[in-house]
There are 2 protein chains.
Amino acid sequence: MSSELPDKKRISESTIHRLSMYFRTLSLLQKEGYETVSSKELAKREKLTPAQVRKDLSFFGSFGTRGLGYDVVELKAKIGEILGIDRHWKVAVIGIGNIGSALVSYKEFSRQGFHIEKLFDNDQRKIGSNHKGIVVSDIKNLEKEIAEDGIEMVIITVPATVAQYMVDDVVRAGVKAILNFAPINLKVPSHVYLRNENMSMELEYLSFAIVNNHTPKNMK
Amino acid sequence: MSSELPDKKRISESTIHRLSMYFRTLSLLQKEGYETVSSKELAKREKLTPAQVRKDLSFFGSFGTRGLGYDVVELKAKIGEILGIDRHWKVAVIGIGNIGSALVSYKEFSRQGFHIEKLFDNDQRKIGSNHKGIVVSDIKNLEKEIAEDGIEMVIITVPATVAQYMVDDVVRAGVKAILNFAPINLKVPSHVYLRNENMSMELEYLSFAIVNNHTPKNMK
DNA sequence: TTATTCATGTGAAATGCTTCACAAGAAATT
DNA sequence: AATTTCTTGTGAAGCATTTCACATGAATAA
C-alpha cells in the first residue's frame, strides 16, 4: 500500500490546486481548438508565472517538447491521471437540504469523474423522494448501504450538530475521503482523508480586502 | 483612501483564512462557556501550532494576557473587526439556479454579516418569484438596481458562458468585490476584488490524496 | 510579599515555496 | 546543413511562512 509516486517528494497543497486549474483550462483550450500550449500561455490564463507552471509539472515528469510546448490533449490526460480523476468515483451526499440538493445537480463534479450515486437524509418527507434519478435513503441505513455500494467518498451537508455522527458511521463503512460542508472541525482516523469546504471564508477574505484596502500579490 | 493597517505588512492569504477559522471556533468556545482561551487550546482545535496562532494575531496587535490567554469575547470581536465582518454587507446573488438558491438560505453568510438582499435571473419563470422573502429581479436591470441599492458584493452563480457579462455590469454599477462560482477565469479592473469558489477542487484534492497515498503535513 | 506557574509576543532559525536564469533540445527558417 | 528561434526542465537564489525558543509580564499560590 505504498505511494504511487516513484520519488516521494512532498507535493504542496498549492501545487495540487494549480493542477486542478490547469486541468480545467486545458479542457477549455481543447474546445478552443488548440493543439499545443506553452507554459507562458497557461500561466497567463491562470495569472501565474511560466516558471511556476513548469515547476509544478516537473514534480511529476517531463511532459513538454522544447521549443513547442505541451500537447493539450496529452497534458490534460496526464494531469487527470495524477489527480486521479481519470476514473469513476462513487460519491454519496449526506443531508439533502439546500446545499446537498444543489450539489446533486452540480455538473462540475461528474465532469471530473465524481458521480453521486447515493443520497441520505433523516427527514421522512425526503426519504424515498427522487433527485435526478436517485432515491433518498434513510440515514438509519447509512453504514450498511455505503458499505454495500462501495462508496469511496462522501459529501457531508448536514447541520454541524450531527456531522460527527455521520462521519463515524461512514468511516466504519469504509469510505476513504470526506468533504465536509458543516461548520465544525471533525475528527477522522488517520487513514481517512478530510477536507472542509467553507464558503463564507472566501467572502470573509473579500471583506478583509475591502476594509483593509488589501493588495495581495496573489488574488487568485 | 489609505489602508486601515497602521504598518502595511503584507498579510498572507493563509493568515486571513486562519483568522476566519479562529472566529468560528471562538463563537463555539463562547457557546461552550469559555471565558478565556490559550493559543495552545485554539491551536489544538484547528490542528495548528500555538506559535502559528500567536504569530497570526501578532500582525494586528497584542490581544492576550500573559499567563492567562485571550478573552474569548474580546478576541472574537477584534478578529471580526480585522476581517470587516463586524458590519452589515449588502450582497446580491446573480443566477438563481441550484447553487444560487441554496446560497440564499445559507445561514453561515448572515451569521458573518453577509446579507443577501437582491437576486437576479434571466429566466421569466423565476423573475418575480420569491426566495426567502426576496423577489427575483430581471437581469436586464442588473446594473441599475445594484447601483441604486448600494450592493457592495456580488455572488455569481450563472453559467460560465455568460459570467463575464455579469461581471462587467456589476463592475460598472460599482460593486467592490465578487465571489465567482462559475468555472471560468474572469477579468476585473484592479480596484475590484475577485475570488473564485471551485467546489470540485477539494474533491480533486481528496482524489489525489487517495490515489497517491498522500500524507501532507497540513490536511487542513 | 515573594515565589512559582503559566502563556504571551517576537526576533531568529528553519523550512517551504516561488522565481530566476540558463543549458539543452526541438522546431522553424534561411 | 547551418543558424536562429523558441520553450522546456531544473539547480540555485530569493522570498515567504512557519516554528523555535526565550525574555517578559500577569496571575496564582504559598
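The values are calculated or read from the model by the stated rules, or taken from the named source; none is laboratory data. Keep in mind the model is a prediction, meaning the values are calculated, not measured. Neighbour counts run over all protein chains shown; Cβ positions are idealised from the backbone, glycine included.
Which residues, counting only those in the stretch A:138-165, are assigned to a helix (DSSP H, G or I), acidic (Asp, Glu) and closer than 14 Å to residue A:93 by Cα? Within the stretch A:138-165, A:143, A:145, A:149 qualify.
Filtered by the rule that a residue be buried (at least 19 other Cβ atoms within 10 Å of the Cβ) and part of a loop (DSSP other than H, G, I, E, B), the stretch B:85-102 gives B:85, B:95, B:96. Among the residues of the stretch A:26-76, the one identified as exposed (fewer than 15 other Cβ atoms within 10 Å of the Cβ) and part of a strand (DSSP E or B) is A:65. Annotation: residue A:44 fulfils all but one of (1) out of contact with any Ser or Thr (no Cβ under 7 Å at 6 or more places or on another chain); (2) within 16 Å of DNA strand C (Cβ to nearest atom); (3) closer than 30 Å to residue A:175 by Cβ; the unmet one is (3). Within 8 Å of chain B (Cβ to nearest Cβ), more than 21 Å from residue A:177 (Cβ to Cβ) and touching a helix residue (DSSP H, G or I) at 6+ places or on another chain (Cβ under 9 Å), is that true of residue A:46? In short, yes. Exactly one condition in (1) under 21 Å from residue B:200 (Cβ atoms); (2) of a type outside the set (A, V, I, L, M, F, W, C); (3) not assigned by TED's automatic domain parsing to the domain that holds residue A:167 is false for residue A:115; which is it? Here residue A:115 meets the rest and fails (3). Give the residue, chosen from B:190, B:129, B:110, that is of a type in the set (Gly, Ala, Ser) and under 30 Å from residue A:193 (Cα atoms). Criteria check complete, one pass: B:110. Whenever a residue of the stretch B:85-105 is within 22 Å of residue A:182 (Cα to Cα) and within 9 Å of chain A (Cβ to nearest Cβ), it has no partner that is assigned to a helix (DSSP H, G or I) and modelled with pLDDT under 95 lying with C-beta atoms less than 9 angstrom away and at least six residues away or across chains.
Could you look through the stretch A:162-214, keep only residues that are more than 7 Å from chain B (Cβ to nearest Cβ) and hydroxyl-bearing (Ser, Thr, Tyr), and pick out the one that is nearest to the chain's Cα centre (by Cα)? Result: A:190.
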